[in-house]
Amino acid sequence: MLKRIVLSSCVAAAAGLALPALAADLDQVIYAPDIPVAKPVEIGTGWYLRGDLGYSFKTRGAARNYSVFTPGPPQSYSTSAFATSELDSDYTASIGFGYQFTDFLRADLTFDYSNGSFDGTTAAAVPCPGMPVGTTCASTDTADFKSYGFLANGYVDLGTYAGVTPYLGAGAGITRVAWDPLSNTARCVAGGAACPAVGTLAPVSHGGETSWRFTYALMAGFSYDVTKNLKLDLGYRYSKIAGGDMFRFDAATAVAGAAGVQARDRGFERHEVRAGLRYALW
């Protein structure tokens, strides 16, 4: 009888010791810390599209001089200055895409388009071809151009305050400048002799030149958060397109022996105010 009591007590004691251990194991299983779950990466985060329009309140770079060919013999070239020359290029447009690396750094690639015109005048102390001795000759010169540019740009955003983010930027790339033919219209100017009733000559065409040119730009402005993904961008941009060939000699002068380019522009230097939109692709 005593043996049974002792055995029962031992079994009960063993069970009592095992139950807390089992409970502790169950408690660890039930209350084990959560295992971190991998989250899918957002493809495209940071990318954005942009579009801008600009107005140039100052554009410089018109040709100042042109070459004059003398058949000779011997053949020779001299340089003559335009009496007046003006470059008009008011509006620009661009589209592009970019990436926001951090809250402070971003970059984009843009395609820029612009057009414009050249207006110049000349004055010579000699008569126009076929006009009386004692008269002089003046001319009006006009030509249009188009430019297509590709720029890589980088920006530093200077912090956001109430949805407004000021920034500084710079860019560099290449621009294709395509000049249309220049139209030269000469007219007789009376002096020691009178001009005939028809004192204006038929316009003469000078073939336009096309070339790729180095371009750089400096920017400053600010953006405003219209929505989470849409920003309004307002700013100033200074840009400079390198100078290049503008127009050739007319056909008759080329037949007489003239070769090469008759005039070069000095490049396009623009001071613009610009407005655009940037849309983040989330």
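The values are calculated or read from the model by the stated rules, or taken from the named source; none is laboratory data. The model shown is predicted, which means the values in this text are computed figures rather than measured ones. Cβ: placed from backbone, ideal geometry, glycine included. Neighbour counts: every protein chain shown.
Given the condition farther than 30 Å from V156 by Cβ, over 19 Å from the mean Cα position of the chain (by Cα), loosely packed, with under 12 Cβ neighbours inside 10 Å and free of Cβ contacts under 8 Å to residues at least 40 places away in the same chain, answer yes or no: does some residue in segment 98-106 qualify? No, segment 98-106 contains no residue that is farther than 30 Å from V156 by Cβ, over 19 Å from the mean Cα position of the chain (by Cα), loosely packed, with under 12 Cβ neighbours inside 10 Å and free of Cβ contacts under 8 Å to residues at least 40 places away in the same chain.
Taking (1) modelled with pLDDT of 95 or more; (2) closer than 30 Å to V261 by Cα in turn, G96 satisfies each apart from (2).
Take the conditions acidic (D, E) and modelled with pLDDT of 95 or more and apply them to D112. Does it pass?
Values: acidic (D, E): yes; modelled with pLDDT of 95 or more: yes.
Here the answer is yes, as D112 does meet what is asked.
Could you identify the single residue in G149, G169, G159 that is farther than 22 Å from A81 by Cβ and in contact with a Phe, Trp or Tyr (Cβ under 6 Å, 6 or more places away or on another chain)?
Values: G149 fails: in contact with a Phe, Trp or Tyr (Cβ under 6 Å, 6 or more places away or on another chain); G159 fails: in contact with a Phe, Trp or Tyr (Cβ under 6 Å, 6 or more places away or on another chain).
Result of the check over G149, G169, G159: G169.
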